[in-house]
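Q: If you scroll down you'll find the structure; I have some questions about it.
What follows draws every value from the coordinates through simple rules; no lab data is involved. Keep in mind that this is a model prediction, so the values were computed, not measured. When we count neighbours, we look across all protein chains shown, and the Cβ atoms used for this are built from the backbone with ideal geometry, even at glycine.
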Amino acid sequence: MEEILLVGGNASDGVVRVGSTVRKPWAESTPSVLHYMRAMRAAGIDVPKVFGQDSQGRQITEFVPGRLAMDSEPLTPSQLSRAGRLVRSIHDASQAYRPETGSTWTPPIAAPGAELICHNDLAPWNLLAGDRWVFIDWDAASPSTRLWDLAYSAQAFTLNDASADLVNAATNLKAFVDGYGASGELRTALPAAMRQRTTAMYKLLKDSHAGAIEPWGTMFATGHGGHWKAVTEFVGNNQSAWARALE
């Protein structure tokens, strides 16, 4: 059967579509990631179906039709609220998940805690928004905290354009976090957590470039470094605006 190269990802090479499936390289953490994905489906979360390993040793998951949210028209506040609800459903299902003994994870950025297993990249570049709304690319899943993962998602969906109008950005942030149904404690902590999370992303790219660590090093040099530096400043310099929006 014909293999069609799937392009657009930054951190994974050799991803192809074969019929109604996606084939990706098998990594040390893949068995743990696929076990987690199966558990999420069993809990009612719509994630790509897992089919195991092919004769070439690649992981096999379902090909989900749809257009990435990143490549579509900007999400409306109502759609951002829907995205927030989806992230919340994943977190709640993950809260009850217990990984297998000896599970292996390969997160690119260390989390400040290990409350639950998180996707770690619930962002517009991983959300297929068609007839189904499905997050893809679960390979970076690992132990994290609800706040750390929410901070990344909220920022990625609503504060990822450093040139955005401040009022509109704050309105979008509120819509996403309201959709998530964040507690008062999470809302209070979120502005600072978003600043810390964007700083960590920029540091990953910058340090990887200095150390020739791929794919992050090349990403830093091809625009991602400048993007995340600007976003880190945007998120950090407007903490009071985010806090007011989330009151």
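Q: Please report, in debye to the nearest 20, how large the charge dipole of region 1-141 is about its Cα centre when each Lys and Arg carries +1 at its beta carbon and each Asp and Glu carries -1 there.
A: My answer is approximately 340 debye.
Q: Debye sum, Cα scatterers, region 3-62, no solvent: what log₁₀ I/I(0) at q = 0.20 1/Å?
A: Once normalised to I(0) and log-transformed, intensities are -0.78.
Q: List the trypsin sites (Lys or Arg not before Pro) in region 147-244 that DSSP assigns to loop (not H, G, I, E or B) and whose Cβ has at most 11 other Cβ atoms within 10 Å. Which are they?
A: Of the trypsin sites (Lys or Arg not before Pro), not one in the loops of region 147-244 has a Cβ with at most 11 other Cβ atoms within 10 Å.
Q: For LYS206, which lysines qualify as cross-link partners when the Cα separation must be under 22 Å and same-chain residues fewer than eight apart are set aside?
A: LYS229
Q: Evaluate the distance, in nm, between pseudo-label points positioned 7 Å from the Cα of ALA230 and of SER72 along their respective Cα→Cβ axes.
A: 2.5
Q: I'd like the orientation of helix 225-237 relative to the chain: the angle between its Cα long axis and the longest Cα principal axis, in ° from 0 to 90, rounded to 10.
A: Roughly 40 degrees between the two axes.
Q: State, to one decimal in nm, how far the label point of LEU166 lies from the label point of SER89, with both points 7 Å from Cα in the Cβ direction.
A: 3.6
Q: Hey, what angle do you get for helix 166-180 against the long axis of the chain, alpha-carbon based, 0 to 90 degrees rounded to 10?
A: 50
Q: One quarter of the convex hull surface, Cα atoms only: what value does that give for region 67-147 in nm²?
A: 5.9
Q: At 0.36 nm per residue, and after removing the present C-alpha to C-alpha distance, how many nm does the segment from SER240 to GLU100 gain when stretched out fully?
A: 46.2 nm
Q: Further question on the same structure: Enter the angle in degrees (range 0 to 90, nearest 10) between the Cα long axis of helix 146-158 and the first principal axis of the Cα atoms of the chain, meaning the one along which they spread out most.
A: 80
Q: Please enumerate, by chain and number, the aspartates and glutamates with C-alpha under 19 Å from the C-alpha of LYS24, excluding those fewer than 8 residues away in the same chain.
A: Output for LYS24: GLU2, GLU3, ASP13, ASP54, GLU62, ASP121, ASP137, ASP139, GLU214.
Q: D for the chain, whole µm²/s, Stokes-Einstein with Kirkwood Rh over alpha-carbon pairs at 10 °C and 1.306 mPa s: what number?
A: Estimated diffusion coefficient is 85 µm²/s.
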